1. Go over the candidates GLU33, GLU106 one by one and state the one that is within 29 Å of ALA165 (Cβ to Cβ), in contact with a Leu (Cβ under 7 Å, 6 or more places away or on another chain) and surrounded by fewer than 19 Cβ atoms within 10 Å (Cβ to Cβ).
2. Within segment 69-86, can you find the residues that are exposed (fewer than 12 other Cβ atoms within 10 Å of the Cβ) and either in contact (Cβ under 8 Å) with a residue 12 or more places away in the chain or in a helix (DSSP H, G or I) (or both)?
3. If you take the residues of segment 41-57 that are part of a loop (DSSP other than H, G, I, E, B) and within 12 Å of the chain's Cα centre (by Cα), which of them is surrounded by the fewest Cβ atoms within 10 Å (Cβ to Cβ)?
4. Considering each of LEU109, LEU80, LEU130 in turn, give the residue that is at pLDDT below 95, within 19 Å of the chain's Cα centre (by Cα) and not small (Gly, Ala, Ser).
5. List, please: which pairs have Cβ atoms under 6 Å, are six or more places apart or on different chains, and start with a residue in segment 45-63 that is touching a residue at least 12 places away in the same chain (Cβ under 8 Å) and more than 17 Å from ASN34 (Cβ to Cβ) and end with one that is among the hydroxyl-bearing types (Ser, Thr, Tyr) and in a loop (DSSP other than H, G, I, E, B)?
6. Taking the stated definitions as given, is GLY164 modelled with pLDDT of 95 or more and among the small types (Gly, Ala, Ser)?
7. Test LEU158 against the criterion of being more than 17 Å from MET72 (Cβ to Cβ) and either aromatic (Phe, Trp, Tyr) or modelled with pLDDT of 95 or more (or both), and give yes or no.
8. Take PHE136 and decide whether it is under 18 Å from the mean Cα position of the chain (by Cα), farther than 22 Å from GLY146 by Cβ and surrounded by 15 or more Cβ atoms within 10 Å (Cβ to Cβ).
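The values are calculated or read from the model by the stated rules, or taken from the named source; none is laboratory data. Quantities reported herein were computed from a predicted structural model and do not represent experimental measurements. All Cβ positions, even for glycine, are placed from backbone atoms using ideal geometry, and neighbour counts span all protein chains on display.
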Amino acid sequence: MRKRIPVAELRLRKKMTMKNNNWSVLFNGIIKENPVFVLLLGMCPTLGTTSSAMNGMSMGLATTFVLTCTNMVISGLKKLIPDSIRIPAYVVMIATFVTPLQMFIEAFLPELYKSLGLFIPLIVVNCIVLGRAEAFAGKNKLIPSGLDGFGIGLGFTLALTLLGAMREFLGTGRIFDFGIMPEEYGALVFVLAPGAFIALGFLIAAINKIRKSI
(Lines give C-alpha, C1' and ligand atoms only; values in the text may rest on other atoms or scores of the structure.)
Protein backbone atom coordinates (compact mmCIF):
# COMPACT_ATOMS: atom_id res chain seq x y z
CA MET A 1 0.00 0.00 0.00
CA ARG A 2 1.39 3.37 -1.00
CA LYS A 3 2.22 5.83 1.72
CA ARG A 4 0.15 8.97 1.39
CA ILE A 5 2.11 12.22 1.36
CA PRO A 6 0.60 14.92 3.60
CA VAL A 7 -0.94 17.91 1.80
CA ALA A 8 1.35 20.33 3.65
CA GLU A 9 4.42 18.47 2.42
CA LEU A 10 3.11 18.47 -1.17
CA ARG A 11 2.59 22.22 -0.97
CA LEU A 12 6.09 22.69 0.42
CA ARG A 13 7.59 20.62 -2.40
CA LYS A 14 5.62 22.61 -4.98
CA LYS A 15 6.79 25.88 -3.45
CA MET A 16 10.44 24.72 -3.45
CA THR A 17 10.14 23.63 -7.10
CA MET A 18 8.71 27.00 -8.07
CA LYS A 19 11.46 28.77 -6.16
CA ASN A 20 14.16 26.74 -7.92
CA ASN A 21 12.50 27.40 -11.29
CA ASN A 22 12.43 31.13 -10.57
CA TRP A 23 16.15 31.13 -9.75
CA SER A 24 16.81 29.17 -12.92
CA VAL A 25 14.84 31.70 -14.98
CA LEU A 26 16.72 34.60 -13.38
CA PHE A 27 20.21 33.21 -13.96
CA ASN A 28 19.43 31.76 -17.38
CA GLY A 29 19.89 35.08 -19.16
CA ILE A 30 23.21 35.91 -17.51
CA ILE A 31 25.32 33.02 -18.85
CA LYS A 32 23.37 30.21 -20.52
CA GLU A 33 21.25 32.47 -22.77
CA ASN A 34 23.25 35.69 -22.62
CA PRO A 35 21.64 37.87 -25.31
CA VAL A 36 24.96 39.18 -26.64
CA PHE A 37 27.56 36.45 -26.16
CA VAL A 38 25.30 33.44 -26.80
CA LEU A 39 22.19 34.54 -28.72
CA LEU A 40 23.96 37.38 -30.61
CA LEU A 41 20.97 39.72 -30.26
CA GLY A 42 20.93 43.49 -29.89
CA MET A 43 24.07 44.04 -31.93
CA CYS A 44 23.25 47.69 -32.79
CA PRO A 45 23.41 49.04 -29.21
CA THR A 46 26.12 46.52 -28.35
CA LEU A 47 28.49 47.87 -30.99
CA GLY A 48 27.24 51.46 -31.00
CA THR A 49 27.21 52.38 -27.30
CA THR A 50 30.23 50.54 -25.88
CA SER A 51 32.99 53.06 -26.57
CA SER A 52 33.35 53.24 -22.78
CA ALA A 53 32.38 51.07 -19.81
CA MET A 54 30.05 53.75 -18.41
CA ASN A 55 28.12 54.09 -21.67
CA GLY A 56 27.79 50.32 -21.98
CA MET A 57 26.62 49.87 -18.40
CA SER A 58 24.13 52.76 -18.68
CA MET A 59 22.62 51.37 -21.87
CA GLY A 60 22.38 47.94 -20.27
CA LEU A 61 20.63 49.25 -17.15
CA ALA A 62 18.17 51.27 -19.23
CA THR A 63 17.32 48.17 -21.25
CA THR A 64 17.00 46.09 -18.05
CA PHE A 65 14.42 48.52 -16.69
CA VAL A 66 12.37 48.34 -19.88
CA LEU A 67 12.69 44.55 -20.13
CA THR A 68 11.55 43.93 -16.55
CA CYS A 69 8.60 46.34 -16.68
CA THR A 70 7.31 45.32 -20.12
CA ASN A 71 7.63 41.60 -19.39
CA MET A 72 5.50 41.96 -16.27
CA VAL A 73 2.86 44.15 -17.95
CA ILE A 74 2.62 41.90 -21.01
CA SER A 75 2.37 38.80 -18.82
CA GLY A 76 -0.44 40.41 -16.81
CA LEU A 77 -2.38 41.50 -19.90
CA LYS A 78 -1.65 38.60 -22.26
CA LYS A 79 -5.18 37.18 -22.03
CA LEU A 80 -6.68 40.54 -23.00
CA ILE A 81 -4.54 41.08 -26.11
CA PRO A 82 -6.04 39.68 -29.37
CA ASP A 83 -3.59 37.47 -31.20
CA SER A 84 -3.99 39.44 -34.43
CA ILE A 85 -2.57 42.64 -32.90
CA ARG A 86 -0.15 41.00 -30.47
CA ILE A 87 3.10 42.45 -31.85
CA PRO A 88 1.82 46.06 -32.30
CA ALA A 89 0.43 45.91 -28.77
CA TYR A 90 3.81 44.77 -27.43
CA VAL A 91 5.57 47.64 -29.23
CA VAL A 92 3.14 50.18 -27.72
CA MET A 93 3.72 48.77 -24.23
CA ILE A 94 7.49 48.89 -24.67
CA ALA A 95 7.27 52.49 -25.90
CA THR A 96 5.20 53.36 -22.82
CA PHE A 97 8.24 52.67 -20.64
CA VAL A 98 10.94 53.89 -23.02
CA THR A 99 9.43 57.38 -23.43
CA PRO A 100 9.51 58.43 -19.73
CA LEU A 101 12.93 56.77 -19.37
CA GLN A 102 14.25 58.86 -22.25
CA MET A 103 12.76 62.04 -20.74
CA PHE A 104 14.29 61.22 -17.35
CA ILE A 105 17.78 60.67 -18.76
CA GLU A 106 17.54 63.81 -20.90
CA ALA A 107 16.45 65.90 -17.89
CA PHE A 108 18.75 64.57 -15.17
CA LEU A 109 21.69 63.00 -17.05
CA PRO A 110 22.22 65.27 -20.08
CA GLU A 111 25.82 64.18 -20.70
CA LEU A 112 24.80 60.53 -20.74
CA TYR A 113 21.89 61.40 -23.03
CA LYS A 114 24.30 63.06 -25.48
CA SER A 115 26.54 59.97 -25.42
CA LEU A 116 23.78 57.41 -25.97
CA GLY A 117 21.73 59.64 -28.28
CA LEU A 118 19.40 57.78 -30.63
CA PHE A 119 20.01 54.40 -29.00
CA ILE A 120 17.68 55.19 -26.07
CA PRO A 121 14.47 55.57 -28.14
CA LEU A 122 15.61 52.63 -30.27
CA ILE A 123 15.08 50.38 -27.22
CA VAL A 124 11.46 50.31 -28.44
CA VAL A 125 12.45 48.12 -31.39
CA ASN A 126 15.30 46.28 -29.68
CA CYS A 127 14.95 42.62 -30.71
CA ILE A 128 15.89 41.47 -27.18
CA VAL A 129 12.95 43.31 -25.58
CA LEU A 130 10.43 42.31 -28.25
CA GLY A 131 11.83 38.78 -28.38
CA ARG A 132 11.41 38.15 -24.64
CA ALA A 133 7.89 39.57 -24.77
CA GLU A 134 6.96 37.15 -27.54
CA ALA A 135 8.96 34.10 -26.41
CA PHE A 136 8.46 34.28 -22.63
CA ALA A 137 6.23 37.00 -21.16
CA GLY A 138 3.32 36.21 -23.47
CA LYS A 139 3.30 32.59 -22.32
CA ASN A 140 4.23 32.67 -18.62
CA LYS A 141 3.06 34.05 -15.28
CA LEU A 142 3.84 37.48 -13.84
CA ILE A 143 6.73 36.71 -11.45
CA PRO A 144 8.70 34.39 -13.80
CA SER A 145 8.24 36.93 -16.61
CA GLY A 146 9.63 39.72 -14.44
CA LEU A 147 12.58 37.56 -13.39
CA ASP A 148 13.22 36.60 -17.02
CA GLY A 149 13.31 40.25 -18.07
CA PHE A 150 15.57 41.16 -15.16
CA GLY A 151 17.92 38.21 -15.81
CA ILE A 152 18.18 38.89 -19.55
CA GLY A 153 18.73 42.56 -18.74
CA LEU A 154 21.52 41.74 -16.30
CA GLY A 155 23.16 39.54 -18.92
CA PHE A 156 22.89 42.36 -21.47
CA THR A 157 24.31 44.87 -18.96
CA LEU A 158 27.19 42.54 -18.11
CA ALA A 159 28.01 42.05 -21.79
CA LEU A 160 27.92 45.76 -22.64
CA THR A 161 29.95 46.69 -19.56
CA LEU A 162 32.62 44.08 -20.32
CA LEU A 163 32.82 45.12 -23.96
CA GLY A 164 32.88 48.81 -23.07
CA ALA A 165 35.58 48.31 -20.43
CA MET A 166 37.71 46.28 -22.84
CA ARG A 167 37.43 48.88 -25.61
CA GLU A 168 38.01 51.80 -23.24
CA PHE A 169 41.08 50.15 -21.70
CA LEU A 170 42.66 49.10 -25.00
CA GLY A 171 41.84 52.42 -26.64
CA THR A 172 42.58 54.96 -23.90
CA GLY A 173 44.18 53.06 -21.02
CA ARG A 174 41.20 53.81 -18.77
CA ILE A 175 38.27 51.92 -17.25
CA PHE A 176 35.28 53.94 -16.01
CA ASP A 177 37.47 56.99 -16.70
CA PHE A 178 40.03 55.74 -14.14
CA GLY A 179 43.56 55.66 -15.52
CA ILE A 180 45.20 52.22 -15.64
CA MET A 181 48.03 52.88 -18.09
CA PRO A 182 49.32 55.93 -20.02
CA GLU A 183 46.90 56.99 -22.74
CA GLU A 184 49.60 57.03 -25.43
CA TYR A 185 49.86 53.23 -25.10
CA GLY A 186 46.23 52.81 -26.20
CA ALA A 187 45.18 51.87 -29.73
CA LEU A 188 42.62 54.33 -31.11
CA VAL A 189 41.06 51.63 -33.30
CA PHE A 190 39.37 50.07 -30.25
CA VAL A 191 37.42 53.28 -29.54
CA LEU A 192 36.24 53.36 -33.17
CA ALA A 193 33.73 51.06 -34.89
CA PRO A 194 36.25 48.42 -36.15
CA GLY A 195 37.53 47.93 -32.61
CA ALA A 196 34.00 47.06 -31.45
CA PHE A 197 33.87 44.08 -33.82
CA ILE A 198 37.38 42.92 -32.85
CA ALA A 199 36.76 43.17 -29.09
CA LEU A 200 33.33 41.52 -29.36
CA GLY A 201 34.79 38.61 -31.31
CA PHE A 202 37.43 37.93 -28.66
CA LEU A 203 34.89 38.20 -25.83
CA ILE A 204 32.46 35.80 -27.54
CA ALA A 205 35.28 33.28 -28.02
CA ALA A 206 36.32 33.61 -24.36
CA ILE A 207 32.75 33.26 -23.04
CA ASN A 208 32.11 30.18 -25.22
CA LYS A 209 35.32 28.61 -23.93
CA ILE A 210 34.22 29.22 -20.34
CA ARG A 211 30.70 27.85 -20.99
CA LYS A 212 32.10 24.63 -22.46
CA SER A 213 34.42 24.10 -19.51
CA ILE A 214 31.66 24.48 -16.90
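1. From the options GLU33, GLU106, the qualifying one is GLU33.
2. LYS79, LEU80, ASP83, SER84, ILE85
3. LEU41
4. Answer to the check: LEU130.
5. Going by the 6 Å Cβ cut-off, the qualifying pairs are ASN55/THR49.
6. Taking the combined requirement at face value, the residue satisfies it.
7. yes
8. no
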